[in-house]
Structures are given as C-alpha cells and as structure tokens.
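Report on the following structure.
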Amino acid sequence: MGLDRNSRVIGIDVGGTFGRGIRGALVDGTGSRVAGKEAVTPRTSQEDLIEALITMASRLADVAQRDGAPASALGLAVPGLVDEARGVVYRSPNLKLQDVELGRILQDRLRLPVFLVHDATAGALAEYATGVGRNVSDMLLVVMGLGVGSAVISGGRVLRGAHGAAGEIGHISLDPAGMICGCGGRGCVETFASETAIARRYTMAAKQAILAEEVIARATTGDAAAARVWNDALGALATVIATAVALVDCELVVLSGTMGIASGALAPLGALLAKRINLVHLPRVEVGELGGDAALVGAAAVAFERIGAGHPTLEWRGRGSSPRNSDLV
Ligand SMILES: [Zn+2]
C-alpha cells in the first residue's frame, strides 16, 4: 500500500492540550482531510472517554467503508506521558487517564491497528510536514490551550528523550511555592498559562468567573486584573520558551492550540522573546497553519508510517526520502 489518494487512516486528537474537545478526521494518503468529526471530551471517567473515542473512530471508519476506501489504522494523539511503542498512557493530568493500555483496548474493540503519539509531537510533525514548518529542519512547537505542551524537531527528527517525555515545558516549575498543578507539582507553567489557570487566577483576583478568552480580551481594554493575569501567563511562557530555544537552537517557534492560535499572543510573546534571547539566534515566531487540526493530522501521519505505507511527513513536504530525515517518525 502506498501513500495514494485512496489510502485512508483515521487521526484523532483526544483533546486536553490543544483544545477542549475530541477531534477526529479521515485522512487520505496526500494528507488531506476527507471527513471530520468533533465531540466533547468526557471528563467523568476513563471508561466514558474510551467509549467516546470508540464512537468517533467507528463513525469515521463507517464513512471510509461507504466511500469504498476502508481505513487501515487509527493514529491517536494523547496528552501527558505516553509510551508510544507499547500504546500505554501513563499519566494524562488533564484527562482521567492513568496507566491504561489505551492502544490495546481500542485495537480490540475497533479491529484496527491503533498507534498512540504524544499530542504535541503529533502537532509538530504535522506543521513540519505540511504547515508553517515545511521549510525548516529545527523547530519548537508550543501548544497553548487547556494545557501547555511542546515538541522539538531537531535536524529533521523528533526529539523524544529517554522516556519519550522531551518537551513537557508545561510542567517546568517557576515557583516551587506556587499554585498546585494537575501533575502534583507547584508553580508549573501550566498554573500560569493554561486556559484553566488564566480563568482561575482572574477569578481569584477580580472575584468574577469568566472564561480565559474573556480575560485575554479584557487585558487590552483597561482591566488591570486581567492585564496582570495575561502578562503573568505570557511571562511564564517566554521564560520557558527562551530556555528551550537556548537548549535546542531552533529557527522557528510555532504557536499552536486554541490560545496559541486565537489569543493574539504572537506579538507580545515575540517581543518578550526578543528581550530575553540575546546570545543565541532569535527564532521566528509564527502561528501554526493547521489550526485545531495539527495533532490529528500528525497522528494520521504516524499511523501511515507505522503500517508501512511510507513516510508521510517526508512525502507531504515534497522532499522525497532524504537520508537525513529517514527516521523522522
Ligand atoms: Zn505541572
């Protein structure tokens, strides 16, 4: 099976970092979405979340079947600590998932090969292959949404680390005595800069409960409490992004996730980074081109690669099989 227009895999982003819901799509061999579905991410129990994933995957598989091009695999983007080789989610603080063999469970129910991938990694692969990163070989993708995550592509390869956890900048602690984080730590970047944290900090300061997007809107219209909360979020992000840039020397920082795309963070973050990055080269900062689809498109790319259909991230870039990038996914 090659990477042609008639090949189909299902890509699903479980949600929890990039955005609020489960997003799924049927993706063809050229990287195009041929059908898409969205659902609310259940936060009641692990079982409810698994059932929601099975429902979405089954509906997309039915669409593929009706089109006469059955889906060959499911790629699933999951936040948190994920063992991609074994299909196990160890911890996903923003979802109720812990030590669950999600790959095997879904595979048994769906009768399809299922491949797990860390969500920020999936998003980075997609932007690298077909989005704003298609002309670079070194990039940092930062997800700003319900959580804060990141992934690094260095010399055309995903940087994974010893345990696949490279890039978890959301859980770098900036204040060991700060607010408790979903990971059990204190003062993590997520406790400043996630949607939940921005809303919570504003409620504490202004005694009024509003959504993060409203806090950000008010920050530029004279609401001092909102401005302080949003500036603290941007400051926390700038600190860890500048640190990451010093470590990996990337030429591009991609903002992704609901807030990364829509909050207007690009200009203020760019200005903060320009002040903080002096010795190493200042990277370009851009918003991802794939919007909320980045993680599911990347998950589909991983599924294509794992079933031996070729290297989508290379072919979608139109580069052919450069040896430098041959073990990207
Ligand atoms: Zn944390």
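The values are calculated or read from the model by the stated rules, or taken from the named source; none is laboratory data. Everything numeric in this text was worked out from a predicted model, so none of it was measured. All Cβ positions, even for glycine, are placed from backbone atoms using ideal geometry, and neighbour counts span all protein chains on display. Only protein heavy atoms, including side chains, enter the accessible area calculation; ligands, DNA and RNA are left aside. Shrake-Rupley method; radii C 1.70, N 1.55, O 1.52, S 1.80 Å.
Among the DSSP beta bridges whose two residues both lie in the range 136-287, what percent are antiparallel, rounded to the nearest 5? Mind showing how you got there, number by number?
Details: 10 of 19 bridges.
The antiparallel proportion sits near 55 percent.
With a 1.4 Å probe and all protein chains in place, put GLU38, GLU214 in order of accessible area, largest first. The partial results should precede the final answer.
Numbers: GLU38 135, GLU214 80 Å².
So the residues, ranked largest to smallest area, are GLU38, GLU214.
Using only alpha-carbon positions, what ratio does the radius of gyration of the range 75-142 give when scaled by 2.2 N^0.38 Å? Each step should come with its number before you reach the end.
Working: Rg = 13.6 Å, N = 68, 2.2 N^0.38 = 10.9 Å.
That ratio works out to 1.25.
Protein chains only, probe 1.4 Å: how do ASP13, ASP99, ASP232 rank by accessible area, largest first? Before the final figure, lay out the partial values.
Working: ASP13 5, ASP99 105, ASP232 75 Å².
The ordering from most to least exposed comes out as ASP99, ASP232, ASP13.
Express in nm, to one decimal, how much length is gained between SER58 and ARG91 on full extension, taking 0.36 nm for each residue of separation and deducting their alpha carbon distance. Display every interim value, and only then the final one.
Details: separation 33, 0.36 × 33 = 11.88 nm, distance 2.53 nm.
Full extension of this stretch gives 9.3 nm more.
How much accessible area does TYR90 have with a 1.4 Å probe, in Å² rounded to the nearest 10?
80
Mind checking which aspartates and glutamates have their Cα closer than 20 Å to the Cα of LYS207? Skip sequence neighbours fewer than 8 apart in that chain.
Partners found: GLU195, ASP223, ASP232.
With every protein chain present, what accessible area does HIS281 have (1.4 Å probe, heavy atoms only), rounded to the nearest 10 Å²?
140
If one takes the longest principal axis of the Cα atoms in the chain, at what angle in degrees, from 0 to 90 and to the nearest 10, does the Cα axis of helix 195-206 lie?
20
Can you pull the percent of the chain's accessible area that's carbon plus sulfur, 1.4 Å probe, other chains left in place? Write out the running numbers ahead of the final one.
Working: 6820 of 13400 Å².
That share works out to 51 percent.
Using Cα positions and a limit of under 25 Å, work out the lysines in reach of LYS37, with same-chain residues fewer than 8 apart set aside.
LYS96
Considering only the chain, what is the antiparallel percent among its DSSP beta bridges, to the nearest 5?
On the way: 29 of 47 bridges.
Antiparallel bridges: around 60 percent, rounded to the nearest 5.
Quote the FRET efficiency, to the nearest 0.05, computed for ASN135 versus VAL34 with a Förster distance R0 of 35 Å and r equal to the Cβ-Cβ distance. Provide the component values of the computation, followed by the final result.
Working: r = 26 Å, r/R0 = 0.75.
Efficiency computed from Cβ-Cβ geometry: 0.85.
Regarding the chain, what's the average projected area of the Cα-atom convex hull, expressed in nm²?
Details: hull surface 64.3 nm².
Directional mean of the projected Cα hull area for the chain stands at 16.1 nm².
Once the range 136-287 is represented by equal point scatterers at the alpha-carbon sites, with solvent omitted, what log10 I(q)/I(0) does the Debye formula produce at q = 0.10, 0.14, 0.19, 0.21 Å⁻¹?
These q points yield log10 I(q)/I(0) values of -0.33, -0.65, -1.15, -1.35.
On a 0 to 90° scale, report how tilted helix 224-248 is relative to the longest principal axis of the chain, with both axes built from alpha carbons and the result rounded to the nearest 10.
60
Could you calculate the contour length gain from ARG20 to ALA267, that is, 0.36 nm times the residue separation minus the distance between their Cα atoms, to one decimal place in nm? Intermediate results must be reported in sequence, preceding the final value.
Numbers: separation 247, 0.36 × 247 = 88.92 nm, distance 2.42 nm.
Fully extending the segment from ARG20 to ALA267 adds 86.5 nm.
Using only Cα atoms and rounding to the nearest 10 degrees, what angle (0 to 90) does helix 46-66 make with the longest principal axis of the chain?
50
Can you tell me the accessible area per residue over the range 52-128, all protein chains present, probe 1.4 angstrom, in square angstrom?
On the way: 3030 Å² over 77 residues.
Solvent-accessible surface per residue comes out at 39 Å².
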